[in-house]
Amino acid sequence: HPSVNVVSILSLPLPELSKKLRDGSLPLDHVFYAYVGKALQIATETNCITEFLQESETHLRKAKLMGKHEQGLLYGVPVSIKDSIDCQGHDSTLGFIKNINKPAAEDSVVVQVLKRQGAIPFVKTNVPQSLISYDCKNLIFGQTRNPLLYTRTPGGSSGGEGALVGGGGSILGIGTDVGGSLRFPAAFCGICAIKPTGNRLSKRGIMAGVVGQKAVAAAVGPLAKDVESLALCLRALLSEDMFSLDSTVPPLPFNEEVYSSTKPLRIGYYETDFFTMPSPAMRRAVRETKQLLEEAGHTLVPFELTNVDYVIFNYCVRGMFADGGRSFVRKFKGEMEQGGTGVLFWVAKAPHWLKTLLCWIAKPFVPRLSSIIRSMKENRVDEVWSLHHEIEDFCHQFIAQWKKLNLDVMLCPMLGPALGIGYPAKLSVAVSYTMLYNALDFPAGVVPVTLVTEEDEEELQGYKGYYQDWWDRTLAKAFHGGVGMPVAVQCVALPWQEELCLRFMKEVETL
């Protein structure tokens with residue numbers, strides 16, 4: 001409509017847009033169709049949307065008839081939803097052809113709560129086949145591209161969300177994270193996201209990439225352009241509706257006092273996990289953020305990570321594929337594997353004797369590959385129980401080190417810049433910075449803090465990696481050509497302290 005200032009609507013941050021929708025100063029249909037139009041444009045450019053939720057127009061008409069007392073915190077806000085999150089009457093394909101025309105019988109709990117809070121879910125977004133990848137490609141919908149540079153991946157597995165929100169086609173997206181699946185797309189596309197503690201938000205009605213595994217905690221969380229938008233989303237989701245619809249979720253409403261506190265923080269930090277060598281831009285992002293935080297009156301304390309290689313192989317890989325990868329491979333029955341899962345699929349598929357042989361061959365040349373193969377053996381039931389106890393012990397040791405330093409939060413690197421399309425399949429090991437906090441089940445968010453410079457690019461010439469093997473050489477190539485692309489840092493808090501994590505993220509964003 002000629003009277004609608006679409007550019008003005010699309011430029012409003014979520015808290016301001018939400019306020020204008022609730023007080024009636026912005027008509028609901030103007031906002032809805034502004035985002036539908038922008039989403040269509042971004043989808044054409046990046047191939048990020050899998051489906052338009054036609055019933056969203058019905059929800060829009062119903063919302064216009066609501067009284068003031070019925071309007072929730074997200075009244076009239078168009079929200080995008082990851083493919084793997086059930087929306088009634090729509091497929092949750094996980095990129096598998098066999099899941100086409102198998103619509104969900106009901107909305108997931110998260111979608112139900114969003115609707116009760118007045119939000120209008122309007123599109124579903126693309127994912128990599130099986131979700132176990134941080135690229136975004138499958139045989140149904142094809143490859144999703146990064147809105148900032150089409151030759152780069154938007155990350156995954158919530159890659160469609162990252163591309164759509166990063167491109168401005170959605171103001172709020174909902175995704176999932178089992179190894180960085182919210183944080184990769186946010187960091188690669190220059191936006192913010194938070195992975196809460198695994199059970200802070202309901203996972204009922206959400207499809208998993210590896211069914212049944214409990215070692216590495218999956219979580220549901222939001223993606224948005226800024227931290228305040230993430231906070232508003234969590235305020236809305238952590239409502240009575242969430243707790244009444246899923247009684248397994250602890251009734252912990254959003255803690256405003258913690259989020260709005262201005263007390264100086266005691267912040268742990270590290271520049272590397274000594275497993276995946278950071279790019280020059282990643283290291284600089286942490287150093288510059290540390291300096292700004294110190295200048296603002298916060299205390300920064302070095303934190304030394306140890307045994308990350310053991311955690312990745314023995315807790316994360318072994319934990320996720322404790323049955324030797326049999327249930328993971330079963331998902332591909334009758335499907336073509338299109339390369340997004342990289343080495344994990346082929347190792348899981350290999351018979352035991354071949355795994356042993358490959359492990360022996362790879363050890364001198366690609367030691368980390370050898371460790372992955374060794375970690376993907378089939379475990380006995382008693383070994384799985386033992387593994388869970390080990391993970392618990394590791395978590396308690398990590399918290400003890402955190403408490404000994406009297407830390408509030410932690411500042412960590414985040415992989416970046418966005419890798420070229422196809423590289424994540426070759427670089428499964430580069431999830432170390434994110435997956436650590438799924439194993440620990442700590443809330444972790446990402447905030448973009450800088451852009452890759454020409455100096456960073458020049459420094460990459462000397463990138464050798466810690467193992468100086470094929471994987472390190474591939475990662476050096478994957479980082480190249482990223483001048484001008486965003487680089488983020490990770491902000492981490494102890495379990496159930498999402499509000500403190502967001503408060504820290506807000507501090508980083510402001511500085």
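Projected label points at Ser261 and Asn5, each 7 Å from Cα along the beta carbon direction, are separated by 4.0 nanometres.
By a straight-distance test (C-alpha under 25 Å), which lysines pair with Lys64 as possible cross-link partners, with residues fewer than eight away in the same chain excluded? Reachable lysines: Lys19, Lys20, Lys38, Lys115, Lys124.
If you take all other residues with their beta carbon under 12 Å from the beta carbon of Thr58, and give Lys and Arg +1 and Asp and Glu -1, the sum is +2. Rounded to the nearest 0.05, the FRET efficiency derived from the C-beta distance between Glu240 and Thr306 at R0 = 51 Å is 0.75.
Partner aspartates and glutamates whose Cα lies under 16 Å from the Cα of Lys195, excluding those fewer than 8 positions away in the same chain, are identified as Glu161, Asp177, Asp226, Glu228, Asp441, Glu498, Glu499.
If you place +1 on the Cβ of every Lys and Arg, -1 on the Cβ of every Asp and Glu, and leave all else neutral, what size is the dipole of the chain about its Cα centre, to the nearest 20 Debye?
On the way: 51 positive and 53 negative charges, 204 e Å.
About 980 debye.
Output the relative contact order of segment 6-250, whole-number percent, from Cα pairs under 8 angstrom with separation of 6+ residues. Reported as a whole number, the value is 21 percent. Computed on the chain, with alpha-carbon pairs under 8 angstrom and 6+ residues apart, the relative contact order is 17 percent. Remark: segment 78-86, residue by residue, has Karplus-estimated 3J(HN,Hα) of x, 10, 9, 10, 4, 3, 7, 9, 5 Hz, where x stands for each Gly or Pro and the curve is 6.51 cos²θ - 1.76 cosθ + 1.60 at θ = phi - 60°. Centre-to-centre, using Cα atoms only, segment 22-86 and segment 433-511 are separated by 31 Å.
Give me the accessible area per residue for segment 323-378, probe 1.4 Å, as a whole number in Å². Before the final figure, lay out each step's value.
On the way: 3120 Å² over 56 residues.
Per residue, segment 323-378 has 56 Å² of solvent-accessible surface.
Computed about the Cα centre, the dipole magnitude for segment 53-102 is approximately 100 debye when only Lys and Arg (+1) and Asp and Glu (-1) carry charge, each at its Cβ. Once the Cα-Cα distance is subtracted from the 0.36 nm per residue extended length, the Leu405 to Lys20 segment shows a gain of 134.2 nm. For segment 6-250, dividing the convex hull volume of the Cα atoms by the residue count gives 109 Å³ per residue. Cross-link partners for Lys349 among the lysines, with Cα-Cα distance under 19 Å and sequence neighbours closer than 8 places in the same chain left out: Lys331, Lys333, Lys377, Lys426.
Leaving ligands, DNA and RNA out of it, report the carbon-plus-sulfur percent of the accessible area of segment 6-250 at a 1.4 Å probe. Don't jump to the answer; show the numbers that get you there.
Working: 4320 of 7820 Å².
About 55 percent, which is the carbon plus sulfur part of the accessible surface.
Summing Lys, Arg as +1 and Asp, Glu as -1, what charge do residues with Cβ under 12 Å from the Cβ of Phe275 carry, Phe275 excluded? Every neighbour counted, the sum reads -2. Here are several values of P(r) over Cα pairs in 20 Å bins from 0, in percent: (1) 19, 37, 29, 13, 2, 0; (2) 24, 59, 16, 0; (3) 20, 38, 26, 14, 1, 0. Which one was derived from the coordinates shown? Looking at P(r) over Cα pairs in 20 Å bins from 0, in percent for this model, the match is (2). Where only DSSP H runs of four or more residues are counted, the chain gives -11500 deg cm²/dmol as its mean residue ellipticity at 222 nm, each run worth -39500 (n - 2.57).
What's the local net charge at Leu460, with K and R +1, D and E -1, over the other residues with C-beta under 13 Å away?
Numbers: positive: Arg283, Arg284, Lys464, Arg473, Lys477; negative: Glu454, Glu455, Asp456, Glu457, Glu458, Glu459, Asp472.
Value of the local net charge: -2.
Taking amide H positions as modeled 1.01 Å from N, with prolines and chain starts lacking one, the residues under 5 Å from Thr125 and 5 or more places away or on another chain are Thr50, Ile81, Lys82, Asp83. What fraction of the Cα pairs in segment 323-378, stated in percent, has a spacing above 13 angstrom? The answer is 58 percent, as a whole percent. Counting protein heavy atoms only, segment 404-446 has 51 percent of its accessible area on carbon and sulfur, 1.4 angstrom probe. Apply 1/(1 + (r/R0)^6) to the Cβ-Cβ distance of Glu509 and Thr248, taking R0 = 35 Å, and write down the FRET efficiency to the nearest 0.05. Step by step, r from the Cβ atoms, then E = 0.60.
The values are calculated or read from the model by the stated rules, or taken from the named source; none is laboratory data. Predicted, not measured: the structure shown is a model, and the values here were computed from it. Quick reminder, even Gly has a Cβ in these numbers, built from the backbone with ideal geometry, and neighbours come from all protein chains shown. Side chains are part of the model used for accessible areas, which takes the heavy atoms of the whole protein and leaves out ligands, DNA and RNA. Shrake-Rupley method; radii C 1.70, N 1.55, O 1.52, S 1.80 Å.
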